[in-house]
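Scroll down for the structure; my scribbles are underneath it.
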Amino acid sequence: MFKSEYLNRVYAGVEARNPGEKEFLQAVYEVLESLEPVVEANPRLEENGILERIVEPERQIFFRVPWVDDNGKVHVNRGFRVQFNSAIGPYKGGIRLHPSVNASVIKFLGFEQIFKNSLTSLPIGGGKGGSDFDPKGKSDMEVMRFCQSFMTELSKHIGADTDVPAGDIGTGAREIGFMYGQYKRLRNEFTGVLTGKGLTYGGSLARKEATGFGLCYFVEEMLNCMKNDSFKGKTVVVSGSGNVAIYANQKATELGGKVIAMSDSNGYIVDKNGINLDVVKQIKEVERGRIKEYVNRVKGAEYFEGCSGIWTVKCDVALPCATQNEINEESAKALIKNGVIAVGEGANMPSTPEAVAAFQNAGVLFAPAKAANAGGVATSALEMSQNSMRYSWTFSEVDAKLKTIMVNIFHNAYNAAEKYGKKGNLVAGANIAGFEKVADAMLAQGVAY
Ligand code: NDP
Ligand code: 2IT
């Protein structure tokens with residue numbers, strides 16, 4: 001329950017229209033809670049129905065994705081694209097391919113993307129898509145046939161100035177390549193309709209690294225400004241071993257930290273000497289193998305079954321980079337007991353509300369996903385700019401822009417929290433700073449959506 005009547009009414013409407021969609025409701029509740037002082041200070045928001053509008057997607061497309069496996073058997077998956085908000089730019093957000101994908105998951109991700117994209121300061125609206133297709137264990141040809149079928153429908157709804165999808169869980173360079181090829185074949189046009197493309201056909205340097213690097217730039221600035229500290233000499237635990245986790249590990253190490261644990265959905269590895277990232281990249285990026293393989297290649301490393309145990313590994317900085325709700329209250333308490341000083345969310349909504357409250361009450365510096373992992377989509381927007389110019393910046397040009405963007409996001413979130421009496425609460429600050437720009441654009445454009 002909120003103090004504001006208006007917020008209670010809006011949330012009750014969301015609950016009634018989206019029954020049982022727990023991830024989506026969780027994401028909406030957190031944002032509304034942060035907006036309490038903003039709504040109080042600005043009656044125009046209620047007068048113009050801004051919150052009622054912002055919690056309802058502008059458009060949702062759910063579709064059948066039929067494909068044929070290597071044995072000639074027909075399969076059917078469900079495809080999703082939720083075009084949530086276009087007030088400040090074309091819909092922008094990734095495509096998740098994972099068996100757990102459903103409407104609730106895609107809507108929570110699309111909703112968060114509105115505020116994250118606004119925080120980047122670049123002109124991108126919020127959207128998200130995906131499918132319950134599982135690329136794991138499929139051959140390249142099966143993945144290609146799925147991607148072609150998925151794009152055959154999706155192509156009717158996207159475009160370089162309309163909606164620009166990208167990668168997320170299960171969607172990496174291989175999947176983006178197949179989808180881009182199919183879009184081009186259907187439309188006969190070479191445009192920046194997807195980001196995260198390969199470097200030979202319009203991809204941006206540093207996009208692959210951007211989410212993980214950006215996360216570490218954000219956490220470094222947070223440590224510096226709020227604790228006069230840095231990654232130097234810190235022990236770091238990173239969950240996941242996919243795109244975000246690998247490049248978070250790389251940058252945390254470059255900044256002087258030592259990453260001692262990583263995971264996948266089966267279990268986690270601990271290497272007290274510091275994880276050898278070349279070995280992880282070989283297993284995960286080249287062989288598409290399991291993290292457990294690491295202990296067969298690196299002496300002294302240990303493997304443990306189950307993924308939540310990783311949060312019992314003692315560390316100074318925790319970077320959850322796998323999936324939503326991977327840190328519950330119990331895991332948060334284990335981290336706190338072991339002396340964690342900072343948590344940076346690389347994944348989207350990896351901490352449950354109870355875990356977030358536990359960190360904040362214990363005085364742990366907490367960098368929320370919308371702000372801390374915005375480097376990926378920010379660099380996607382830089383890829384869109386380069387595609388429009390038909391030009392490419394160097395790695396160091398893109399990386400420098402990324403770093404500036406992340407430092408600015410930290411200060412904007414920090415200042416917004418302070419302005420509304422929530423000093424140091426970056427969850428509130430990120431939600432407020434992200435919201436203000438979108439709300440302003442919606443007010444200016446009238447009741448357009
Ligand atoms: P990848 O598919 O590259 O990697 C995902 C990693 O998380 C894998 O190690 C995977 O293990 C693990 N994982 C996935 N689901 C679960 C689960 N249910 N339980 C435990 N582990 C799980 O995805 P990304 O690295 O791209 O994405 C990771 C997170 O970061 C997601 O929350 C995503 O939304 C977010 N993100 C991604 C961005 C990007 O640019 N890619 C940008 C901003 C946020 P396994 O191999 O066993 O499935
Ligand atoms: O969650 C995210 O921000 C992403 N998966 C990246 C989206 C993008 O468009 O680059």
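The values are calculated or read from the model by the stated rules, or taken from the named source; none is laboratory data. It should be emphasised that the depicted structure is a prediction, and the values quoted were computed from it without experimental measurement. Virtual Cβ from ideal backbone geometry, glycine too; neighbours counted across all protein chains shown. Remember, those area values only see protein heavy atoms, side chains included, never the ligands or the DNA or RNA. Shrake-Rupley method; radii C 1.70, N 1.55, O 1.52, S 1.80 Å.
The residue list 79, 224, 45 was ranked by how far each Cα lies along the charge dipole of the chain toward its positive end, using unit charges on Cβ atoms, and 79 comes out on top. For residue 204, the residues whose amide H sits under 5 Å from its own are 196, 197, ignoring neighbours fewer than 5 places away on the same chain, with H placed 1.01 Å from N. Taking the average, over residues, of other Cβ atoms within 10 Å as the packing measure, peptides 354-362, 325-333, 367-375, 118-126 rank 367-375, 118-126, 325-333, 354-362 from highest down.
Taking the centroid of alpha carbons for each part, segment 225-257 and segment 163-218 are 24 Å apart.
Once Rg and the Kirkwood radius are both taken over the C-alpha atoms of segment 309-391, their ratio Rg/Rh works out to 1.15.
Just the number, please: percent antiparallel of the DSSP beta bridges in the chain, rounded to the nearest 5. For the chain, the DSSP antiparallel bridge percentage is about 55.
The phi torsions of segment 284-301, fed into the Karplus equation with coefficients 6.51, -1.76 and 1.60 and a -60° offset, translate into couplings of 8, 7, 8, 8, 6, x, 9, 5, 4, 4, 3, 5, 7, 10, 10, 5, x, 7 Hz, rounded to whole numbers, with Gly and Pro shown as x. Applied to segment 208-224, the Karplus parametrisation 6.51 cos²θ - 1.76 cosθ + 1.60 on θ = phi - 60° returns per-residue 3J(HN,Hα) values of 4, 7, 4, 5, x, 4, x, 4, 6, 4, 5, 5, 4, 5, 5, 4, 5 Hz, with x for Gly and Pro. With only the Cα atoms considered, the chain has a convex hull volume of 136 Å³ per residue.
Each Cα pair under 8 Å and six or more residues apart adds its sequence gap; the mean of these over the residue count of segment 156-280 is a relative contact order of 17 percent. The residues of segment 301-359 present an accessible area of 37 Å² per residue when probed at 1.4 Å with all protein chains retained.
For a label point 7 Å from the Cα of residue 42 along Cα→C-beta, name the residues of segment 391-427 whose backbone N is under 20 Å from it. Only 409-427 pass the distance filter.
Relative contact order for segment 211-306: 24 percent, from Cα pairs under 8 Å spaced at least 6 residues apart, divided by residue count. With all protein chains kept in place, the per residue accessible area of segment 143-219 amounts to 35 square angstrom at a probe of 1.4 angstrom.
Here segment 377-438 is treated with +1 on each Lys and Arg Cβ and -1 on each Asp and Glu Cβ, and its dipole about the Cα centre works out to around 180 debye.
Its Cα centre serving as origin, segment 249-358 has a Cβ charge dipole (Lys and Arg +1, Asp and Glu -1) of approximately 340 debye.
Each Lys and Arg contributes +1 and each Asp and Glu -1, all at the Cβ; summed about the Cα centre of segment 281-416, the dipole is approximately 300 debye.
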